[in-house]
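Contents: one structure, followed by commentary.
The values are calculated or read from the model by the stated rules, or taken from the named source; none is laboratory data. Small disclaimer: the values here were computed from a predicted structure and weren't measured. Here the Cβ positions follow ideal geometry from the backbone for every residue, glycine too, while neighbour counts run over all protein chains shown. With ligands, DNA and RNA removed, areas are computed over all heavy atoms of the protein, side chains included. Shrake-Rupley method; radii C 1.70, N 1.55, O 1.52, S 1.80 Å.
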Amino acid sequence: MSVLGSCFRNSLFWGNMQSMSQPEENAEPNADSWILGFLRHLATDKDASVYTQRNYRQALLEFFDWSKKQRGAAPDWAALRRDDFRDFLRFLGRGQLSRAAIQLRFSALRSFYKFLIRNGVAVVSPIKNLSLPKAEKRLPLFLTVKQLQDLLEAPGTELRAAAKEDVVDASLYFRDAAILEVIYSCGLRVSELCQLCAADIDWPEQVVRVRGKGKKERLVPIGAPALEAIRAYWKLRTDPASGERAVFSARPDKATPLTPRTVQLRLKKYLCSAGLDPNMTPHKLRHSFATHLLDAGADLRSVQELLGHAHLVTTQVYTHITTERLKRAYDQAHPRA
C-alpha cells in the first residue's frame, strides 16, 4: 500500500488543546467598552475560535493594564501613536517573551484597530508598519506512518485490556477509534472535529463539510476506514446520530457534543499506550497529515485546501520538513555527499 493510501487508511489526528468557554462579556471589569465590543464581534460576527477569543482578550487586557500602570490612565485609542506601542514592545521584550508571543499580542492589537477604524473611533492604525521581532522558524513535529499505525490501534488494545478486568463501556473506545480515524483522514483541527454534525457527512461521495476558521466551510475527502469507524461507533450509541446532532458525543447516554479538552485527554492516554510522547498535541497529528501527503506526492495547493489554510505560505512550512529529510537521506547515502 502506498504511503498516501496508508495515510487515508489510518485516518487519525485528534483532539488538541483545551476546551474553553466563550469569553464572558461582563467578566472584565477593567476593560473598556470598545474591548468588550470587539470581543463580542469576534464571537458573533467573526465566529472566531475560543482560542483566538481567549488569546486576543488576554492581549488587549494586558495592554490596557500596562497603560494604566505606566501612563496612569486607560488607553485613549484614538490618541495613541506609534511611539506608545514601541514602548509597549520594549516592555514585552523586558519580560523575556518569545518572539511568537510578542507577534500574537500585536496581531490582536492590529485586529482591534481595524475594528476601531470601521466603527469610526480611530482614523488610522498606529501599529501599521511597526517593526516587530521576526518569529522563530520552527519545523512542525509529526509522527511517522508506523507511529500512526500504532496510535490507531491503541483504542482497541486498551479496550481488550480493560475488558479482562472489568465491565467496560465499549462505545467510548469505539468513539475514540473513530475520532483518531476521522481527524487523520481529514486533517482536521480539534475545534472542527467537535463541530461535525451527522448531516455534514456525505456517505456516497465520501466527503465531509468542515466549518473552519472565520465561518469558512470546505469539503474534505474522508477515507473508507474512517467512515466504517463512525458506523461502528454509531451502532453502540444510545441516541441516534442524525441531522444536526454531533458526530461525536461526550457521553454515550447524552447527545452533548464532544469538547476539545476531552479529545486532548484521550489522546494523551493512547499516546502512552502506543509508547509515544504523551506531550504530542492533536495539532501535531494535523502536521503529520500534511507531511505524509506531501511525502506521497500531493501538490502544495491541494494540501492547502485540505487543511483550510487561507494563505499558501502557511502550508509551505511542511515542504521544509520533507526537504530536510531528503537532505539527510542524501548525506547518509550518497558517496560524494
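Give the residue, chosen from A78, A31, that is modelled with pLDDT under 90 and assigned to a loop (DSSP other than H, G, I, E, B). So the residue among A78, A31 that is modelled with pLDDT under 90 and assigned to a loop (DSSP other than H, G, I, E, B) is A31. Are any residues in the stretch 38-58 surrounded by fewer than 16 Cβ atoms within 10 Å (Cβ to Cβ) and closer than 13 Å to K114 by Cβ, and if so, which ones? Correct list: D45 only. Checking Y173, Y184 one by one, the residue that is open to solvent by less than 60 Å² (accessible area, probe 1.4 Å) and over 21 Å from K284 (Cβ atoms) is Y173 and no other. In the stretch 218-246, the residues that are of a type in the set (K, R) reach residues that are open to solvent by 50 Å² or more (accessible area, probe 1.4 Å) and assigned to a helix (DSSP H, G or I) with C-beta atoms within less than 7 angstrom, at least six apart or across chains, in these pairs: R218/E305. Each residue in the stretch 190-232 was checked for being part of a helix (DSSP H, G or I) and either within 22 Å of A290 (Cβ to Cβ) or open to solvent by less than 30 Å² (accessible area, probe 1.4 Å) (or both), and 16 of them qualify.
For the stretch 108-115, the count of residues that are free of Cβ contacts under 8 Å to residues at least 60 places away in the same chain, open to solvent by 20 Å² or more (accessible area, probe 1.4 Å) and of a type in the set (A, V, I, L, M) is zero.
Taken together, the residues in the stretch 233-256 that are surrounded by 16 or more Cβ atoms within 10 Å (Cβ to Cβ) and not in a loop (DSSP other than H, G, I, E, B) amount to 4.
With respect to the conditions (1) buried (at least 16 other Cβ atoms within 10 Å of the Cβ); (2) within 30 Å of L276 (Cα to Cα); (3) not hydroxyl-bearing (S, T, Y), A101 falls short on a single one, namely (1). Can you confirm whether the stretch 48-68 contains a residue that is modelled with pLDDT of 85 or more, over 20 Å from the mean Cα position of the chain (by Cα) and assigned to a loop (DSSP other than H, G, I, E, B)? Checking the stretch 48-68: not a single residue is modelled with pLDDT of 85 or more, over 20 Å from the mean Cα position of the chain (by Cα) and assigned to a loop (DSSP other than H, G, I, E, B).
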